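Visitor: Let me begin by handing over the structure; questions about it come next.
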Amino acid sequence: MDSSTLFAVENTLFTIVMILYLVSMALYFIFFAMKNEKAARVAGWIITAAFALHTAALVVRGIGAGRLPLTNQYEFATSFAWGICLCFLIFAHKYHFLALGTFVTPVIFLLIGYAAMQSREVRELMPALRSSWLGIHVSAAIISYGAFGVSFAVSLMFLLKQGRENHDFWRKYIPDYDRLDVISYRAVSLGFLFLTFVIVSGSIWAERAWGSYWSWDPKETWSLITWIIYALYLHLRMNKGWRGKRAAWFAAVGFVCVLFTYIGVNTFIPGIHSYA
């Protein structure tokens, strides 16, 4: 197939994926409002199908572009949503609680909606991006941000549960505080590991592309700020015994910084990373 046909296929898949994410989110909301477990289970099947089609859309995009689909706002936004969905499916399978989707799917849908508003034009790569470090650096960022997205959702559940422990839904379907705290901690640990690799690999790549390991570009600076926030979270948890509400707020603020690093910096503070 020629590139125009491939991009038509990718656009069709992307539209279907958006619809499936929306449907799964609606079903999770029905589960939340009506305690209908069947709606949540159907939502789980739908989001799994959406993830598979989302993966196919990214593969088709990559084939059509002749490169990894990770180099502009549209491609990274849709990959960001894909990464959160991947981490959600992993954590949902591991911990077996239906309510997680109620809090994760809105984040996924907002990101895929943001992607839909971006230009899908395929442009020739600028010289700095013609490197094998592209796939390594950006793929690690996607996994890192995906894990932080899950930690945000779990932390939000923790914070919203307070004062609602006796409500039927929160008592039956939301894990206890200790379990939520541990799940959020593990998601943050995974995200922090990959974010550290993102910064290290980005520094190496920057030195090869621009002759400097660190230039205090806005995205570099905000990536470092985000890393410091999560490093403080882990330090305070392991050395000062921080648990519960304080840790949940830390994880939530960290993800806000993640979103600003990606969306806010690109929108309000242009720099050498403005292409993505």
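Visitor: Can you give the helix-only mean residue ellipticity at 222 nm for the chain, where every DSSP H stretch with n ≥ 4 adds -39500 (n - 2.57) and the sum goes over all residues, rounded to the nearest 500 deg cm²/dmol?
Guide: Estimated from H runs of four or more residues: -26500 deg cm²/dmol.
Visitor: Within the stretch 114-148, report the trypsin sites (Lys or Arg not before Pro) that DSSP leaves as loop and that have at most 13 other Cβ atoms within 10 Å.
Guide: Those satisfying the criteria are Arg123, Arg130.
Visitor: Ile136 versus Arg164, label points 7 Å from Cα toward the beta carbon: distance in nm?
Guide: Label at Ile136, label at Arg164, 4.4 nm between them.
Visitor: Return Cys85, Cys257 ranked ascending by Cβ neighbour count within 10 Å, so the fewest neighbours appear first.
Guide: Cys257, Cys85
Visitor: So which lysines can Lys38 reach, going by Cα to Cα under 24 Å and dropping same-chain residues fewer than 8 places off?
Guide: Qualifying lysines at Cα under 24 Å: Lys94, Lys161, Lys172.
Visitor: In the neighborhood of Trp214, defined by Cβ-to-Cβ distances under 10 Å, what is the net charge if each Lys or Arg adds +1 and each Asp or Glu adds -1?
Guide: -3
Visitor: Across the chain, where is the longest run that never hits GluC sites (Glu not before Pro) in a DSSP loop with at most 11 other C-beta atoms within 10 Å?
Guide: Between exposed loop sites, the widest span is 1-120.
Visitor: Could you line up Val107, Val150 from fewest to most neighbouring Cβ atoms inside 10 Å?
Guide: The fewest-first ordering by Cβ neighbours comes to Val107, Val150.
Visitor: Still on this model: Please list, by residue number, every one of the trypsin sites (Lys or Arg not before Pro) in the stretch 167-276 that is coil in DSSP and has at most 10 other beta-carbon atoms within 10 Å.
Guide: Lys240
Visitor: Could you give the length gained on full extension between Lys94 and Ser3, defined as 0.36 nm per residue of separation minus the Cα-Cα distance, in nm?
Guide: Fully extending the segment from Lys94 to Ser3 adds 28.8 nm.
Visitor: Can you give me the distance in nm between label points at Leu224 and Ile204, each placed 7 Å from the Cα along the Cα-to-Cβ direction?
Guide: Those two pseudo-labels are separated by 2.0 nm.
Visitor: Also: Determine the distance separating the Cα centre of the stretch 193-268 from the Cα centre of the stretch 121-190; give it in Å without decimals.
Guide: The stretch 193-268 and the stretch 121-190 have Cα centres spaced 14 Å from each other.
Visitor: A follow-up question, please. Relative to the Cα centre, what is the charge dipole magnitude of the chain, using +1 at the beta carbon of each Lys and Arg, -1 at the beta carbon of each Asp and Glu, and rounding to the nearest 20 debye?
Guide: Dipole of the chain, to the nearest 20 debye: 780 debye.
Visitor: At 37 °C and a viscosity of 0.692 mPa s, what translational diffusion coefficient does Stokes-Einstein give for the chain, taking Rh as the Kirkwood radius over Cα pairs? Give it in µm²/s as a whole number.
Guide: Here the translational diffusion coefficient equals 169 µm²/s.
Visitor: Okay, moving on. Measuring from a point 7 Å past the Cα of Ala56 along Cα-to-C-beta, which residues in the stretch 1-40 have an amide N at less than 20 Å?
Guide: Label zone hits: 1-25.
Visitor: Turning to a different aspect of this structure: Treat the count of other C-beta atoms within 10 Å as a stand-in for reagent exposure and order Ser203, Ser119 from fewest to most.
Guide: Fewest-to-most Cβ neighbours within 10 Å comes out as Ser119, Ser203.
Visitor: Each residue of the stretch 234-249 in turn: what ³J(HN,Hα) in whole Hz from Karplus with 6.51, -1.76, 1.60 and θ = phi - 60°, glycine and Pro shown as x?
Guide: Couplings: 5, 5, 5, 5, 7, 10, 10, x, 5, 9, x, 4, 5, 5, 4, 5 Hz.
Visitor: Further question: Between Arg179 and Ile263, what's the calculated FRET efficiency when r is the beta-carbon distance and R0 is 41 Å? Round to 0.05.
Guide: 0.85
Every number in this text was worked out from the coordinates using simple rules, so none of it is lab data. Since the model is a prediction, treat every value here as computed from it, not as a measurement. In this analysis, Cβ positions are derived from the backbone assuming ideal geometry, glycine residues included, and neighbour counts consider all displayed protein chains.
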